[in-house]
Amino acid sequence: MIERFLEKILFSSRWLLAPIYLGLIVGLVALVVKDIQHIIHIIPNILHASETDLVLDILGLIDLSLTASLVIIVVFSGYENFVSRIVTTGHEDWPEWMSKIDFTGLKLKLLSSIVAISAIQLLRVFMDIAKTSDRAVLWSVIHHVVFVVSGLLLALTDRMTGHTAKDAAKGDSH
């Protein structure tokens, strides 16, 4: 009886994640506000801005969109994987991937998005290299390389673990 009660509490504790996902949605709203501010800043300056400045502004918009997409991926797949299944019937435009990302897929998409965001930040540094110190450039490159290597190691580890699990399952069936 105590064991069942404890298991019920442990299982119910997954709902403590729901407010965290709601907080991420508030963060998504904040990103939309920043996006609108960025666009309001860009539009009046389009004719007077240099090509480099315009590219940097657009890279800022891309950075915001990748970050917002990352928030959506984490909210939906995290909720679906850890809290509760999302009923998609009746939603004809429901993206198919949203109900198919497992924890491993979530980790890989998360790190891939971070690498993409880091690449954009690095590109922004290179686009404005004349105004950037050598030390800042070096640290930007180091950060990006660390993210890339981390992503590769995570993908390699997941691949090796996936093959090991499949091989073990094949061995059990014989």
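The values are calculated or read from the model by the stated rules, or taken from the named source; none is laboratory data. Predicted model, so just to flag it, every value in this text is computed and none were measured. Backbone-built Cβ (ideal geometry, glycine too); neighbour counts: all protein chains shown.
The residues of region 90-126 that are over 28 Å from residue 157 (Cβ atoms) and surrounded by fewer than 13 Cβ atoms within 10 Å (Cβ to Cβ), listed by number, are 90, 91, 92, 93, 126. When region 38-51 is filtered for residues that are exposed (fewer than 11 other Cβ atoms within 10 Å of the Cβ) and within 20 Å of residue 128 (Cβ to Cβ), the ones remaining, listed by number, are 46, 48, 50, 51. The residues on offer are 25, 62, and the sole one that is modelled with pLDDT of 85 or more, aliphatic (A, V, I, L, M), surrounded by 10 or more Cβ atoms within 10 Å (Cβ to Cβ) and over 30 Å from residue 126 (Cβ atoms) is 25. Scan region 75-86 and give yes if some residue there is of a type in the set (Val, Ile, Thr) and within 19 Å of the chain's Cα centre (by Cα), otherwise no. For region 75-86, residues of a type in the set (Val, Ile, Thr) and within 19 Å of the chain's Cα centre (by Cα): present. Those residues that are outside any helix (DSSP H, G or I) and surrounded by 12 or more Cβ atoms within 10 Å (Cβ to Cβ), I need them from region 127-152; list them, please. Scanning region 127-152 gives 128, 132.
Where helices (runs of 4 or more DSSP H) fall entirely within region 1-114, those with at least 1 residues that are touching a residue at least 24 places away in the same chain (Cβ under 8 Å) are at 18-45, 51-82.
Residues that are of a type in the set (D, E, K, R) and surrounded by 10 or more Cβ atoms within 10 Å (Cβ to Cβ) were ranked within region 1-22; the one that is nearest to residue 68 (Cα to Cα) is 14.
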